[in-house]
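Presented below is the structure to which this report refers.
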Amino acid sequence: MFKLVRFLKGHMPATVAAPICKLIEAIFELAVPMIIASVIDVGIQNGDKSYVIKYCSLIGVLAVCGFLISITGQYLAARVGIGFGTRLREETFKKINKLPVSATDKIGGASLVTRVTGDVTACQNALNMFLRLVLRMPFVVIGAFVMSMIIDPVLSLTFFAMTIVLTVTIWLVLKLTMPRVKKAQRNLDEISRNTAQSITGSRVIRAFSKQAETKSDFNAVADETAKTNIGAARISALLTPLTFAVVNLAIIAVLWFGGVKVNIGTLTQGQTIALINYLQQAFFVIVNIGNIFSVFTRSSACAARVNEILDAPLPENGTVTEIPDCQEVLRFDGVCFAYDGDYDVRDISFTLCKNQTLGIIGGTGSGKSTIISLAEKFYSPAKGTVYFCGKPISDYDIAAARRVIGYVPQRAACLKGTLSSNLRIADETATDERLKTALELAQATELLDGIGLDGVIENDGKNLSGGQKQRVSIARALCRDNVLYLFDDVTSALDYRTERDFINAVKKVDGAKIFVSQRISAVSSCDNIIVLDGGSIVGMGTHDRLKTSCPLYAEFCASQG
C-alpha cells in the first residue's frame, strides 16, 4: 500500500489536515470524562446548579466544536480518497493499455477488470479510513490510559490488562480470518472470468443447450466464494461478544475496586465514572482497530494486485521514429517464438518487398496468426530477428511503426459509436471521402448505403453480421496509407465472390500485404505463398509451383476444389 503513496500528489495539504482535525476531535473527546467527573463531584454533590449548568454548557460547546471539526476531517479525507482513487484508476488503466500482449494474456481480462474497479476502490476506502481513524486511534488509547493513570494508577492497571487481552483476541481473530479473505478475493476473479465467458459465449451456450452446465459451473464458484466468506464471517462474529465480555469484566472490576476506594475516600464517584468512560472510549477504538486491520489486510492484497500491473515491465521501445523508404519492407530471419514451453513457430525466414503480396496458409494452430503478431510487434521473438524497412523492428518506436502498419485482426473488433468513429480509429483526420473509398475497397458499400457514416454501431458490433464486422475492420486499416498491411484471416466470414472482389481491389493499394487464411482462394493469387505445418515452413513459392512441390498445399487445393 505504501508504494501507492505517490498518487497522493496534489492532495498533501488535505492529507495532513484531515488527521489533524480528527486529532483535535479526540482531544475534545478525552476532556469530556474529566468535566463530567467535576460536575458529579462538585456541582451535583454540593447542589450547585450554576456550576452544573456552566460545565454542562462547556460539554455542549465541546460536542459542537468536535462535530464541526470531525465533519471537516471527514470531508477532507473523502476528497483525498476520491482523488487518490481517480488517479490510481487512471494510471492503472493507462498501464494496462501499454502492457505487452503477453502480460495481459497472463493476468487475464477478467482479473484486469476486477483490479481496475474493485481493487482500486478497496485501496481508496482504506486510505479514507486511514486518514480518519489511524492517527486518532492511538492518541485516544494512549490518552485514555494516561488520564486513567492521573485519576488512579492502581485502577489504571485494569485498563492496561483489558488492552492486552483485547489486542490478543483481535490478533487471533484476524490471523484466522485473513487467509479466508484473501482466498475470497481470488475467487472474485474467477467469478468475473466465469461471468464474462458466459456473456460473450451466450449464443454458443444457448445453441447447444448448455445453460444448465454453465449455471452449475458458476454456482460452484459462487458457492465456494460464499463458503469462504461465511467461514471468515463466522470467525469475525466472535470478535464482538469476546470484546464486549472483556470490557464488561473490566468495568465490573473498576466498579468493584472503585466502590471500595470510594467508601474509604481515596476515590470520588465522579472519578469512577470517568474511569469507566475512558475504558469505553478505549474499547471502541480497539475494536475499530480490529476492523481497520481487517480492511487494511484486504486492501493490502488489493494493492499488491494493482502494483503487479503498475510494476509490470514494459517492452523495450526503440528510438527510431522515422520510417525510411526502402524496397525491403519486412524480413524474418530465423525467427522462433514460444507462448509457453516449446516453440510455437521455429526457423521462420522470408522477405517481403514493396508492393508485393505474401500469402500464409496452414492448418489450425500452425502459427499463422503468431507470425502476424510478431510483424505487428505484439510479441518479441525468442530467437532470430524481425526486420522492418531495413532495421530490426525492435529499434523502432512502437507507435511510429504501427502508424504505417495496417492491421486487421482475426477476430473483427467494432467499438460502440458510429461507423465513421470506428473507421477513424486508424486516422482521426481522415475525410469522409477517404472513409467512403475505404468502405468501397472493403466491399462494404451496403453499409454505406444502409446506415451511412453516422449510423450507430453497438458495442462489439452486435447490430452487424460477422461479414459486416470483418469488412468494417478491413476498411479501418485502409483509411490511411500504410507501408505494410496485415490481413489475418479476414475473409473467413465472407462469401467467395466478395472475397475475390476484396482481394482484387486491395491489390491495387500501394504497400506490401500479407494475407493469412485457410482458404486457397484467398492466397492463390499472391506473389509468394508460405505453407505452415506445426509452426515450421514446409513450402514456399507461387500457387502453381506449390501445387506440385508441396504435398500439404496440394492437399488443401484438392480438399477445397
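The values are calculated or read from the model by the stated rules, or taken from the named source; none is laboratory data. Everything numeric here is computed off the predicted structure, so don't read it as measured data. Note that we place each Cβ from the backbone using ideal geometry, even for glycine, and neighbour counts take in every protein chain shown. The area values use the complete protein model at the heavy-atom level, side chains included, leaving out ligands, DNA and RNA. Shrake-Rupley method; radii C 1.70, N 1.55, O 1.52, S 1.80 Å.
If you look for lysine pairs in the stretch 122-246 that are eight or more places apart or on different chains, how many of them have Cα atoms under 24 Å apart?
6
I'd like to know which of Ala237, Gly367, Pro19 lies farthest towards the positive end of the charge dipole of the chain, counting +1 on Cβ of Lys and Arg and -1 on Cβ of Asp and Glu.
Ala237
Using +1 at the C-beta of Lys and Arg and -1 at the C-beta of Asp and Glu, which of Ser559, Phe67, Leu4 has the Cα lying farthest in the positive direction of the dipole of the chain?
Farthest towards the positive pole: Phe67.
Sort the following peptides by mean Cβ neighbour count (other Cβ atoms within 10 Å, averaged over residues), highest first: 227-238, 169-180, 211-222.
The most tightly packed comes first, giving 169-180, 227-238, 211-222.
Report the Stokes-Einstein translational diffusion coefficient (µm² s⁻¹, integer) for the stretch 269-339, Rh taken as the Kirkwood radius over Cα pairs, at 25 °C with viscosity 0.890 mPa s.
126 µm²/s
Can you give me the relative contact order of the stretch 100-196 as a percent, contacts being Cα pairs under 8 Å and 6 or more apart?
53 percent
With +1 on each Lys and Arg Cβ and -1 on each Asp and Glu Cβ, and nothing else charged, work out how big the dipole of the chain is about its Cα centre, in Debye to the nearest 20.
Rounded to the nearest 20 debye, it is 1200 debye.
Give the shape of the stretch 301-434 as rounded, prolate or oblate, defined through the alpha-carbon gyration tensor: a ≥ b ≥ c are the square roots of its eigenvalues, a/c under 1.5 means rounded, and otherwise the shape is prolate if a/b is larger than b/c and oblate if not.
rounded
Work out Dmax and Rg for the stretch 378-529 from the C-alpha atoms and quote the Rg first, both in angstrom.
For the stretch 378-529, the Cα radius of gyration and maximum Cα-Cα distance read 15.6, 49 Å.
Among DSSP bridges having both ends in the chain, what percentage is antiparallel? Round to the nearest 5.
Counting DSSP beta bridges with both partners in the chain, the antiparallel share is about 50 percent.
Show me 252-264, 382-394, 123-135 ranked by packing, highest mean number of other Cβ atoms within 10 Å first.
For the peptides 252-264, 382-394, 123-135, the packing ranking is 123-135, 382-394, 252-264.
In a shell of Cβ-Cβ distance under 13 Å around Arg206, excluding Arg206 itself, what net charge do Lys and Arg (+1) and Asp and Glu (-1) give?
+2
If we count every other residue with Cβ under 15 angstrom of Lys183's Cβ, Lys/Arg +1 and Asp/Glu -1, where does the sum land?
So the surrounding residues net to +4.
I'd like the antiparallel share, as a percent to the nearest 5, of DSSP beta bridges with both residues in the stretch 403-558.
45 percent
Taking only the C-alpha atoms, wrap a convex hull around the chain and report its volume per residue in Å³ as a whole number.
Residue-normalised Cα hull volume stands at 205 Å³.
Taking the Cβ of Gly511 as the centre, find all other residues whose Cβ is under 11 Å away and add up their charges (Lys, Arg: +1; Asp, Glu: -1).
Charge balance near Gly511 sits at +3.
Among 471-483, 369-381, what's the highest-first ranking by average C-beta atoms within 10 angstrom per residue?
Most protected by this proxy first, the peptides run 471-483, 369-381.
Quick one: pull the percentage of alpha-carbon pairs in the stretch 200-337 with a separation above 21 Å.
The proportion of pairs with Cα distances above 21 Å equals 75 percent.
Can you give the Kirkwood hydrodynamic radius of the stretch 1-139 from its Cα pairs, in Å with one decimal?
18.0 Å
Per residue, what accessible area does the stretch 241-308 have, given a 1.4 Å probe and all protein chains present, in Å²?
That works out to 47 Å² per residue.
According to the Kirkwood expression over distinct Cα-Cα pairs, how big is the hydrodynamic radius of the stretch 104-254, in Å?
19.5 Å
Which percent of the accessible area of the chain is formed by carbon and sulfur heavy atoms (probe 1.4 angstrom)?
60 percent
Between Ala212 and Leu415, what's the calculated FRET efficiency when r is the beta-carbon distance and R0 is 22 Å? Round to 0.05.
E(calc), rounded to 0.05, equals 0.05.
State, as an integer percentage, the relative contact order of the stretch 269-424 based on alpha-carbon contacts under 8 Å between residues 6 or more apart.
24 percent
Using θ = phi - 60° and the Karplus curve 6.51 cos²θ - 1.76 cosθ + 1.60, what whole-Hz ³J(HN,Hα) does each residue of the stretch 534-544 get, with Gly and Pro shown as x?
Whole-Hz 3J(HN,Hα) from phi for the stretch 534-544: x, x, 10, 7, 10, x, 8, x, 7, 4, 5.
Between Lys462 and Asn46, what is the label-point separation in nm under the 7 Å Cα-to-beta-carbon projection?
7.8 nm
Over the stretch 375-505, average the accessible area per residue using a 1.4 Å probe and give it in Å², no decimals.
44 Å²
Which helices of the chain meet both criteria: a Cα extent of 20 Å or more along the helical axis and a mean Kyte-Doolittle score no lower than 1.6, with helices taken as whole DSSP H segments?
For the chain, where a helix must reach 20 Å along its axis and average at least 1.6, the hits are 136-151, 239-264.
Give me the 1.4 Å probe accessible area per residue for the stretch 64-129, excluding ligands and nucleic acids, in Å².
In whole numbers, the stretch 64-129 has 48 Å² accessible per residue.
Considering Cα pairs under 8 angstrom that are at least six residues apart, work out the relative contact order of the stretch 287-369 and quote it in whole percent.
For the stretch 287-369, the relative contact order is 19 percent.
Nothing charged except the Cβ atoms of Lys and Arg (+1) and of Asp and Glu (-1): what's the magnitude of the dipole of the stretch 190-339 about its Cα centre? Round to the nearest 20 debye.
So the dipole magnitude of the stretch 190-339 works out to roughly 1140 debye.
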